[in-house]
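Taking it in order: structure first as structure tokens, then the write-up.
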Amino acid sequence: MTKCVSPDAISTILANPSPESSSDVPEIVVQVIELKATGASGNRFMFTANDGKMKLRGILPTNMGSEVMSGNIQNLGLIRILDYTLNDIPNKPEKYLIVTKCEVVSPPLEMEVKSEVKSEETGIVLKPKQENEIKSEVKSEVPGIFLKPKQEIVAKSAAQIVHEQRQNMAPAARMSMTRRVFPLVSLNPYQGSWTIKVRVTSKGNMRTYKNARGEGCVFNVELTDEDGTQIQATMFNEAAKKFYDRFQLGKVYFISRGTLRLANKQFKTVKNDYEMTLNENSEVEEASNEETFVPETTFDFVPIDSLGPYVNGMELVDVIGVVQNVSPTMSIRRKSNNDTIPKRDITIADETKKTVVVSLWNDLATSVGQELLDIADKSPIVAIKSLKVGEFQGVSLSTLGRSVALVNPDLPEAKKLRSWYDSEGKESSLASVGSGLSPSSKSGSRSMYSDRVSLSHIQKNPSLGEEKPVFFSIRGYISFIKPDQAMWYRACKTCNRKVTEALGSGYWCESCQKNDEECNLRYIMVVKISDASGEVFLSIFNEEAEKIVGCSAEELDKLKSEEGEENPYQLKLKQATWNSHLFRVSVSQNEYNNEKKQRITVRAVAPVDFAAESRFLLEEISKMRVSK
């Protein structure tokens, strides 16, 4: 059986760049050439549409990726385009074909279609690859182009036209089935009118701001279409007030009359080069009976032991873990407006056998946090989207207004995590991700032997850590510990945050909003370390400092109060110097008195394993020989 390429198919597409619906699309069969995968996930494919006379670059819909992977769609094969749209390429005269619906017509042909112009031809007829030749045939029963008879034109008044349009208007449900819906991947700032169908997968709180132009309010949502593509939409002032109550988390909407621009990397929360702005004239309509066609909240989970590079960065992360501990709700007083907001800390663990503390704020603390507290004895699984990574206790996580938390979600990652925890995880020894790692750890970027640099490398690059903290491994000696520095602070026994002496007796914790008779002492100290290339000062916190000094802050405080011929306090600090250690450090930029300075913080510390260190040095020597 022969299959034909529609003559002048590309011209037909160019003449009608945006059909109102798929029923308006004529018979368009083209040959696929130059087929290749695109994007990081590799599930979308670009191609060039060929009709024998003209060619047009395009992209196949996501749901046809399986057809390409299975071999049904191949180079030189034929497809029938059922629905499409054309996009302009910025600063170029070419158009870009976005295929939103198509079907396979024929397996690969022997060669690329190239038609000869003949006046008697009405179609280009081609045989599949199994035949030896490609022949051009004329078949009246399979015409390439269908022409409708000329219709009689009847003059009508404007009033008659408006009346007929009102009589023929379809109900909203039927309009939602016939309207032209664009995939998010096809949108760009240079495009005209469009309509998208998306689910609200994240909704931020309404925020107020004040600048030179006055005061205002703003909120944003994250939107996901049926292909899983995401985009962030922001609304200001009147638009924010208009759409804040209309947008409901988890619901599906038709949205049109918005604008796009390049996303600001500093505030970008989804993987999209563009961000959307909706104004008071934008249209947002809830899409009834469309929920099943648009996916729920999507996650891009980061393993707990890989959170280090995100510390103090602008990029948000998604995590999933088994809940190990849930704290009571605490009331925190904001310094900016003196308001009190609820907070609750949970500790989660994953298959990396690392734990991390997640601070839930506002509604998440009272709703999801309470739900987790009620079932804490069952070790529930929680998945959280859009978390800020901080450096408290080494590594910590905190929710934002746009964060989403799901308890015991129906996800493949949750099932895998549950299976691991039930089989071995509950009996495993778990350690905090912020605590030190052994030098033999092979956890990628946090290994004591990865990213090894000298101290001079950090000193000679003052711009390190400007955008986000960078991580290195170093080997050095503790050369000096200043004895009269403030080496520790009084900490709350519940949250480890700083406490102050309360009126009367005891200690007041602002974070927990409670008074306690006792507190702990925790290290927060600065030491100088040296290697063959130079010396730098490092900030060290409690767990790492205990390994260096050899005792707890409370024990060192007792030594400081003892009297004798030899000062036991200074003797202890002297014993800690000129010992070799392996350090995992982060380098970031701090601003003080309008001057930026490097801050180097110890994230992990371990004694030198000389056998492992020798193997590392031999590997480095062998690399030098190979490079020569």
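The values are calculated or read from the model by the stated rules, or taken from the named source; none is laboratory data. None of the values given here were measured: they were computed from a predicted structure. Here the Cβ is made from the backbone with ideal geometry for all residues, glycine too, and neighbour counts use every protein chain on show. When the accessible area is computed, the model is the full protein with side chains, heavy atoms only, and any ligands, DNA or RNA have been set aside. Shrake-Rupley method; radii C 1.70, N 1.55, O 1.52, S 1.80 Å.
A few points about this structure:
- Matching residues, the stretch 238-253, being part of a loop (DSSP other than H, G, I, E, B) and not small (Gly, Ala, Ser): Tyr244, Asp245, Arg246, Phe247, Gln248, Leu249, Lys251
- Among the residues of the stretch 301-316, those that are touching a residue at least 24 places away in the same chain (Cβ under 8 Å) and either open to solvent by 50 Å² or more (accessible area, probe 1.4 Å) or out of contact with any Ser or Thr (no Cβ under 8 Å at 6 or more places or on another chain) (or both) comprise Phe301, Pro303, Leu307, Tyr310, Asn312, Gly313, Met314, Glu315.
- Matching entry among Leu417, Leu373 (being in a helix (DSSP H, G or I) and either touching a helix residue (DSSP H, G or I) at 6+ places or on another chain (Cβ under 7 Å) or free of Cβ contacts under 8 Å to residues at least 60 places away in the same chain (or both)): Leu373
- Qualifying residue in the stretch 578-593 (condition: closer than 18 Å to Phe472 by Cα and over 33 Å from the mean Cα position of the chain (by Cα)): yes
- Some residue of the stretch 581-602 being part of a helix (DSSP H, G or I) and surrounded by 15 or more Cβ atoms within 10 Å (Cβ to Cβ): no
- Checked against (1) open to solvent by less than 10 Å² (accessible area, probe 1.4 Å); (2) at pLDDT below 90; (3) small (Gly, Ala, Ser); (4) closer than 28 Å to Asn63 by Cβ, Ala233 passes all but condition (2).
- Filter pass, Thr355 being polar (S, T, N, Q) and more than 26 Å from the chain's Cα centre (by Cα): no
- Given (1) modelled with pLDDT under 85; (2) surrounded by 14 or more Cβ atoms within 10 Å (Cβ to Cβ); (3) closer than 27 Å to Asn272 by Cβ, number of the condition Phe47 does not satisfy: (1)
- Being touching a residue at least 24 places away in the same chain (Cβ under 8 Å), under 25 Å from Lys203 (Cα atoms), over 18 Å from the mean Cα position of the chain (by Cα) and open to solvent by less than 20 Å² (accessible area, probe 1.4 Å) is a description that does not apply to Arg333.
- Scanning the stretch 462-481 for residues being surrounded by 16 or more Cβ atoms within 10 Å (Cβ to Cβ) and either in contact with a Gly (Cβ under 7 Å, 6 or more places away or on another chain) or not in a strand (DSSP E or B) (or both) gives a total of 5.
- Taking residues in the stretch 529-548 that are in contact (Cβ under 8 Å) with a residue 40 or more places away in the chain and in a strand (DSSP E or B), and partners anywhere that are of a type in the set (Ser, Thr, Tyr) and open to solvent by 40 Å² or more (accessible area, probe 1.4 Å), the pairs with Cβ atoms closer than 7 Å and at least 6 places apart or on different chains are Ile529/Tyr477; Ser530/Tyr477; Asp531/Ser454.
For every residue, the table says whether it meets (1) under 30 Å from Leu223 (Cβ atoms); (2) at pLDDT 90 or above.
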{"position": "Leu307", "(1), (2)": "yes, no"}
{"position": "Tyr310", "(1), (2)": "yes, no"}
{"position": "Asn337", "(1), (2)": "no, no"}
{"position": "Val357", "(1), (2)": "no, yes"}
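- Single unsatisfied condition, Glu501 versus (1) without any contact (Cβ under 8 Å) to a residue 12 or more places away in the chain; (2) surrounded by 17 or more Cβ atoms within 10 Å (Cβ to Cβ); (3) among the charged types (D, E, K, R): (2)
- Output for the stretch 546-569, where each listed residue is farther than 14 Å from Pro483 by Cα and open to solvent by less than 60 Å² (accessible area, probe 1.4 Å): Ile548, Gly550, Cys551, Ser552, Gly564
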